[in-house]
1. Give the residues of the range 80-136 that are closer than 26 Å to LYS57 by Cα and not in a helix (DSSP H, G or I), sorted by residue number.
2. Report yes if ARG86 is surrounded by 12 or more Cβ atoms within 10 Å (Cβ to Cβ) and not polar (S, T, N, Q), otherwise no.
3. Exactly one of these conditions fails for GLN93: (1) at pLDDT below 90; (2) under 20 Å from VAL76 (Cα atoms); (3) crowded, with 16+ Cβ neighbours inside 10 Å. Give me its number.
4. For the range 31-38, indicate whether the set of residues that are without any contact (Cβ under 8 Å) to a residue 40 or more places away in the chain, more than 18 Å from MET149 (Cα to Cα) and either open to solvent by 60 Å² or more (accessible area, probe 1.4 Å) or more than 18 Å from the chain's Cα centre (by Cα) (or both) is non-empty.
5. Hey, does the range 128-151 have a residue that's among the charged types (D, E, K, R), in contact with a strand residue (DSSP E or B) (Cβ under 8 Å, 6 or more places away or on another chain) and under 27 Å from ILE33 (Cα atoms)?
6. Within the range 104-129, take every residue that is surrounded by 17 or more Cβ atoms within 10 Å (Cβ to Cβ) and either touching a residue at least 60 places away in the same chain (Cβ under 8 Å) or of a type in the set (Ser, Thr, Tyr) (or both) and give me the one that is farthest from ILE75 (Cα to Cα).
7. For the range 2-19, does any single residue satisfy the condition of being free of Cβ contacts under 8 Å to residues at least 40 places away in the same chain, surrounded by 15 or more Cβ atoms within 10 Å (Cβ to Cβ) and not aliphatic (A, V, I, L, M)?
Amino acid sequence: MFRQNVEALSSLFDVVVIDTPPALGLRMSASLIAATDVVCPIELEEYSIDGVTDMLKTVFGVRQRYNPQLRLAGIVLNRFNPHSVRQKAAMRQLVQSFAEYIVPAHISTRSAIPEALSQGVSVWALAKGSARDACLEVREVFELLQRRMDAQDMASSGMPS
């Protein structure tokens, strides 16, 4: 039923985003069954990196058993702190293990994001420098994801990329 509702929405919108909690459970499984593409944001913390393998197993398992059209658009580094030695080391480890899935852009930790959330507005609505920087990062990530999905579309249709 959920899949049918998402399909109905897809006739009205260019993109339907299903945002689930990061737990591997019923919500995520139902979302993966209904989705065409999946994007996995990940924070560069030890517990998150350990979960990437399980997450990939879940995505590919759902694709194999329930949704052969499901594609992994990419893994996005979220809340990245470029000054953290620990996070940079975790990023190297992640890229070493999962390079083909990593989107080559990230979303940094910025004060504008929680501020926008607390005010119930889009980050683009805030008039501050960190909001502009966050917007640029988000736009870059979305553009790269779109290119990856377009390339996957072309590859699956047999058209040269």
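1. PHE80, ILE102, VAL103, PRO104, ALA105, HIS106, ILE107, listed by residue number.
2. Here the answer is no, as ARG86 does not meet what is asked.
3. (3)
4. No: the range 31-38 contains no residue that is without any contact (Cβ under 8 Å) to a residue 40 or more places away in the chain, more than 18 Å from MET149 (Cα to Cα) and either open to solvent by 60 Å² or more (accessible area, probe 1.4 Å) or more than 18 Å from the chain's Cα centre (by Cα) (or both).
5. Yes, the range 128-151 has at least one match.
6. THR109
7. no
The values are calculated or read from the model by the stated rules, or taken from the named source; none is laboratory data. All of these numbers come straight from a predicted model, not from anything done at the bench. Glycine gets a Cβ as well: all are built from the backbone with ideal geometry, and neighbour counts include every protein chain shown. SASA here: full protein model, heavy atoms, side chains in, ligands and nucleic acids out. Shrake-Rupley method; radii C 1.70, N 1.55, O 1.52, S 1.80 Å.
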